[in-house]
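Participant: Sharing a structure with you now.
Just so it is clear, none of the values below were taken in a lab; they were calculated from the coordinates. Since the structure is predicted, the reported quantities are computational estimates derived from the model, not experimental observations. Quick reminder, even Gly has a Cβ in these numbers, built from the backbone with ideal geometry, and neighbours come from all protein chains shown.
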Amino acid sequence: MVPEYKKIRLKFSKLGALKFISHLDLDRTMKSAITRSGVKIEYTHGYNPRPHLVFSLPAALGIGSVCEFLDIKAADISPDDVKDKLNDALPPDLRIIEAYEPESDFRQIATSAYIITAISPDIGDGTPDQIKEMFKKPVVIEKRTKKTESGTMPFDISPYVVVKYCEFDKVKLTLGVNAAASNSVYINPEYIVKAICSELSIDMTDPNTSLYTVLRTEVFFENGQLFR
Amino acid sequence: MFYKDTLLKQVLKPGRYTGGEFNQVIKDPEQVKCRFCFAFPDTYEIGMSNLGIRLLYGSLNEDPDVYCERTYAPWVDMEDQLVKNGITLSSHETGTPLCDFDILGFTLQYELCYTNVLNMLRLGHIPVLSSERGEDDPIVIGGGPCSYNPEPLADFFDVFSIGEGEEALVEFAHLYIDMKASGQYDRRKFLYEVSKVPGFYVPSMYEVTYNEDGTIKSFCPKYDGVPAKITKRIIKDFDKAYFPEKPVMPFIECVQDRITLEIMRGCIRGCRFCQAGMIYRPIREKSPSVLNEQAKRTYENTGYDEISLCSLSTSDYTGLRELTDGLLSWTDDRMISLTLPSLRADSFTDELMQKVSSVRTTTLTFAAEAGTQRLRDVINKNITEEEVIRACKVAFAAGKTAVKLYFMIGHPTETDEDIAGIAELCKHIIDAFYEVEDRPKGKPQITMSVACFIPKPFTAFQWEGQDPLPEFRRKQQLLGHLCSDRRIKYNYHDADGSIIEAVLARGGRKLCRVLLEALDRGMKFDAWSEFFSSEKWFRLFEDCGVDVKFYAERKRETDEILPWDMIDCGVSKEFFIRERKKAYEGRTTPSCAEQCAGCGANRLGGECTWCPNTKK
């Protein structure tokens, strides 16, 4: 008998060492964890059958997240059991936060919220207003693209970035932003960090003095409601 | 304060350096008595694929008194960052700088990684020369196939482990712990004690003198009690040997990322150019039931979807049918594929073909090694053209269009006729394709992969001269001219790498200063074509006054003292001399399964499959 598979959405976090693995490697890591967990999921039907996993737009390399999504199809198991079994099999830096039967589609994701923190001895001089003001004017970065010869092209990110809050505390800057994260426009938060570093004239490359982290906290529908 | 994240954001493939992989071993460093770090002198992706490291990492960590961690050669972008920011190369698990470990172990898999070994010592802030290390520096130990001629690295290593290390290294760590605990430890004393333990070679305890022509005059222990010969260690009962059922799983894609089941050690064939076939003797098989259980548990602990049966010649494993039947009974439903590398053409059957292709398949590769029967007899390959063609036909009938053939050029006694034979054999395989009635649609694709012969220690050809560079190039071109057929894809490497390898493989202690100079010239990653420069190497040898021809091309007399003569790998020198003579007479030696050739490895004991005196 062919088991009846139903779609289950897994909301998961990706932190620590896992921040630094690519989408392809995340896919492999998830597959082996699912196999270890014993959860039976649907395989692709091609010549080389593989576990069928569908990820939402993944956080870029180096970016932590407590809001990633993965859809699987599983048979004869409740979403909560999938969550528990998978958490037993996953490396500690990957955690399933929630599992449920979804009603939406990943293509409906429009924006994403990030918390950016930066630590550097040179940060002290900036002000929150300066950061808020800077995104009211064009902020042109070199966006990576495969279409041009140089591999980059100038791109104004300001229409796609909303600064929600900004705090300066001596050597530390904390910033809350919303940025476009749809299939048509995706703003890598690294661009925002780069633009701010350039505005404040700070260098974030010395591992002995500086650090910045980016954490994806939430994703939203077009209408501003939390994606689910 | 040091922020690792900032460093990781500035390098390619940061997943190489994060650590934190699934199944990595975490212990409290304060609670152990010996901190060991395994260093792999190549990139993470290659190191993580190595079964030896998995075995030793696991067996050392089984011991509650020892904590074994890992480190790999940083890629050049990471090295730049480390140097620029004054950071010491450190371990994956706890981020401990290499200089703070008690013991640092290098695995030596190929000669061209030697420059990386020295570079890693320097990046780990450890004096590169053994003689310059102080009481607080780690003990640096080497092992692996290249340690069968450790002499080119003698000045850099405190000690070498000769043979199989699963048990020996735990013993070594305990000698260290005991001497520390009793307050008797100092570096010299410890190394002296180690030199008396079977299977350990401490280069500084020996003195070498030379003849005027540069050959070795004498090689003697300097102190009483230090043995003149170091006999390699083996695992006596392979069924009971440690097996890593919880291997560390890399997050990023590695060269070999699957369950590797080591089904047997040693090889029954006696190919005369092959070092692995000799140094891993005597032949010990693991029983199919033990392997099946180990595979199941490893699968449960990892979730890998591929199992690879690993040995020097998988089709010679006596329990192959039982093992593959046992594995397929549970792997098939779980979509786990089975791969069998190292198949011999003469034992490749329809049944095996069906088993490997039951879920997914890869290209089939057969090693013919030489183009004519005469030369195959010289090298004792013991395989006929008919057998190669039959094996290819089996593959074609099963729906394959592509097969890959391995050859070597530069074997002793080789003539142009033998070179032509390589092209001929490939053409015959193409003809064979069209003779198969139920062949797949399309054209056959034969990959003809041709390597250069490198004479290696502990083989019947250890005394032979290697072809000079122009001769290798001439033969490579000749073969190119003879193979104009577009259905044959001709792969070969420039021969100069093989010449450098030959020098390092059979060199002595005099090469240490060459390697030291290589370090000062910033040479590293020589196994990578983007970094390897034969020009730099040849200039280096010249500047150091080392004659490449002396090491690579010179034919040695069988009574010459060879740099690796202090090591006893089990197989006797008399056997190699006999085999060499037979090679020149074009006579073959049957495999161990047919008749014992008296190689001598059964002296080492153990539960051997074929050896007459030790057979169960």
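Participant: Please report the spacing between the Cα centers of segment B:454-509 and segment B:76-151 in Å, no decimals.
Facilitator: 31 Å
Participant: May I ask you to derive the FRET efficiency for B:Arg539 and A:Asp122 from their Cβ-Cβ distance with R0 = 56 Å, giving the value to the nearest 0.05?
Facilitator: 0.75
Participant: So, in Å, what gap is there between the alpha-carbon centers of segment B:335-357 and segment B:219-243?
Facilitator: Cα centroid of segment B:335-357 versus Cα centroid of segment B:219-243: 36 Å apart.
Participant: Please compute, over every Cα-Cα pair in chain A, the percentage with a separation greater than 24 angstrom.
Facilitator: Here the tail beyond 24 Å accounts for 51 percent of pairs.
Participant: Can you sort B:Arg521, B:Arg439 by how many other beta carbons sit within 10 Å, fewest first?
Facilitator: Ranking B:Arg521, B:Arg439 by Cβ neighbours within 10 Å, fewest first, gives B:Arg521, B:Arg439.
Participant: Still on this structure: Using a Förster radius of 56 Å, what is the FRET efficiency between A:Glu218 and B:Asp559 based on their Cβ-Cβ separation? Nearest 0.05, please.
Facilitator: Calculated transfer efficiency: 0.10.
Participant: What Rg and what Dmax come out for segment A:107-221 when only alpha-carbon atoms are used, in angstroms?
Facilitator: Cα only, segment A:107-221: 14.4, 42 Å (Rg, Dmax).
Participant: Please state the equivalent ellipsoid semi-axes for segment A:5-103: what are the square roots of 5 times the Cα gyration tensor eigenvalues, largest first, in whole Å?
Facilitator: 20, 15, 12
Participant: Under a Cβ-Cβ cut-off of 11 Å, what is the net charge of the residues other than B:Phe461 that fall near it, where Lys and Arg count +1 and Asp and Glu count -1?
Facilitator: It works out to a net charge of +4.
Participant: Please report, ordered by residue number, every helix of chain A (full DSSP H runs) that is 15 Å or longer along its axis going by C-alpha atoms and whose mean Kyte-Doolittle hydropathy reaches 0.0.
Facilitator: Answer set is A:189-200.
Participant: Charges at C-beta only: +1 for Lys and Arg, -1 for Asp and Glu. How large is the resulting dipole of segment A:5-103 about its Cα centre, in Debye rounded to 20?
Facilitator: Computed about the Cα centre, the dipole is about 240 debye.
Participant: Next question. Of B:Phe219, B:Val436, B:Asn292, whose Cα points farthest to the positive end of the dipole of chain B (charges on the beta-carbon: +1 Lys, Arg; -1 Asp, Glu; origin at the Cα centre)?
Facilitator: With unit charges placed on the Cβ atoms, the residue in question is B:Val436.
Participant: If you build the convex hull over the alpha carbons only and average its shadow over all orientations, what do you get for segment B:177-242? Give it in nm² to one decimal.
Facilitator: Average of the hull's projected areas for segment B:177-242 equals 6.9 nm².
Participant: Still on this structure, I have one more. Under the Kirkwood approximation applied to all pairs of distinct alpha-carbon atoms, what is the hydrodynamic radius of segment B:153-306 in Å?
Facilitator: The Cα-based Kirkwood calculation yields 19.0 Å.
Participant: Also, I was wondering about something else. With only Lys, Arg, Asp and Glu charged, each at its Cβ (+1 for the first two, -1 for the last two), find how big the charge dipole of chain A is about the Cα centre; round to the nearest 20 debye.
Facilitator: Dipole size: approximately 500 debye.
Participant: State the number of lysine pairs found in segment B:296-402 whose Cα atoms come within less than 24 Å, restricting to pairs 8 or more positions apart or on distinct chains.
Facilitator: Counting lysine pairs in segment B:296-402 gives 4.
Participant: Under the rule that an exposed site lies in a DSSP loop and has at most 10 other Cβ atoms within 10 Å, name the longest stretch of chain B with no GluC sites (Glu not before Pro) of that kind, not counting the sites themselves.
Facilitator: Formally, the longest exposed-site-free interval is B:213-436.
Participant: Which three extents, in whole angstrom, do the alpha-carbon atoms of segment B:433-536 cover along their principal axes, largest first?
Facilitator: 61, 33, 25
Participant: OK, next. Let me know the number of lysine pairs in segment B:1-117 closer than 20 Å at the Cα, not counting same-chain pairs under 8 apart.
Facilitator: For segment B:1-117, the number of qualifying lysine pairs is 4.
Participant: Then there is this: Hey, for a label at A:Tyr5 modelled as a point 7 Å past Cα toward Cβ, could you say which residues of segment A:47-83 have their backbone N under 19 Å away?
Facilitator: Under 19 Å, as judged by backbone N against the label point of A:Tyr5, lie A:47-56, A:69-83 of segment A:47-83.
Participant: Can you compute the modelled spin-label distance between B:Asn23 and A:Lys137, with each label point 7 Å from Cα toward Cβ, in nm?
Facilitator: Taking the two extended label points, one gets 5.6 nm.
Participant: With all pairs of different alpha carbon atoms counted, what Kirkwood hydrodynamic radius in Å does chain B show?
Facilitator: For chain B, inverting the mean 1/r across all distinct Cα pairs yields 25.6 Å.
Participant: Going through segment B:462-499, which trypsin sites (Lys or Arg not before Pro) have at most 13 other Cβ atoms within 10 Å and a DSSP loop state?
Facilitator: Answer by residue number: B:Arg486.
Participant: Oh, and also: Loop-only GluC sites (Glu not before Pro) in segment A:106-152, please: DSSP not H, G, I, E or B, and at most 12 other Cβ atoms within 10 Å.
Facilitator: Those satisfying the criteria are A:Glu149.
Participant: So what is the diffusion coefficient of segment B:310-401 in µm² per second by Stokes-Einstein at 10 °C and 1.306 mPa s, using a Kirkwood Rh over Cα pairs?
Facilitator: D = 112 µm²/s.
Participant: Would you please classify the overall shape of segment B:4-231 from the alpha carbon gyration tensor, given that a ≥ b ≥ c denote the square roots of the eigenvalues, rounded means a/c under 1.5, and beyond that prolate means a/b larger than b/c while oblate covers the rest?
Facilitator: prolate
Participant: Hey, what's the per residue convex hull volume over the C-alpha atoms of segment B:249-352, in cubic angstrom?
Facilitator: Dividing the Cα hull volume of segment B:249-352 by its residues yields 120 Å³.
Participant: Using the Cα centre as the reference, give the magnitude of the dipole from point charges on the C-beta atoms of segment B:420-527 (Lys, Arg: +1; Asp, Glu: -1; all else neutral), rounded to the nearest 20 debye.
Facilitator: For this selection, approximately 280 debye.
Participant: Return the loop-located trypsin sites (Lys or Arg not before Pro) in segment A:50-148 (DSSP other than H, G, I, E, B) with at most 13 other Cβ atoms within 10 Å of their own Cβ; answer none if there are none.
Facilitator: Here the trypsin sites (Lys or Arg not before Pro) that fit, given the DSSP loop and packing criteria, are A:Lys136, A:Lys146, A:Lys147.
Participant: With each pseudo-label sitting 7 Å past Cα toward Cβ, what's the B:Asp224-A:Val162 distance in nm, one decimal?
Facilitator: According to this spin-label approximation, the distance is 8.8 nm.
Participant: Same structure, new question: Consider just the alpha-carbon atoms of segment B:495-616 and return their Rg together with their Dmax, both in angstrom.
Facilitator: Looking at segment B:495-616, its Cα Rg and Dmax stand at 19.3, 56 Å.
Participant: Shifting gears a bit: Please give the FRET efficiency for B:Lys180 paired with B:Tyr584, using the beta carbon to beta carbon distance and R0 = 56 Å, rounded to the nearest 0.05.
Facilitator: Between B:Lys180 and B:Tyr584 the formula returns 0.55.
Participant: Now for a separate question. How long are the three semi-axes of the equivalent ellipsoid of segment B:318-464, in whole Å, if each is the root of 5 times an eigenvalue of the C-alpha gyration tensor, listed from largest down?
Facilitator: Semi-axes, largest first: 30, 20, 12 Å.
Participant: Over all directions, average the projected area of the Cα convex hull of the protein assembly as shown and note it in nm².
Facilitator: About 39.3 nm², averaged over all directions.
Participant: Testing the spin-label approximation: label points 7 Å from Cα along Cα→Cβ at B:Asn491 and B:His125. State their distance in nm.
Facilitator: Calculated label separation equals 4.3 nm.
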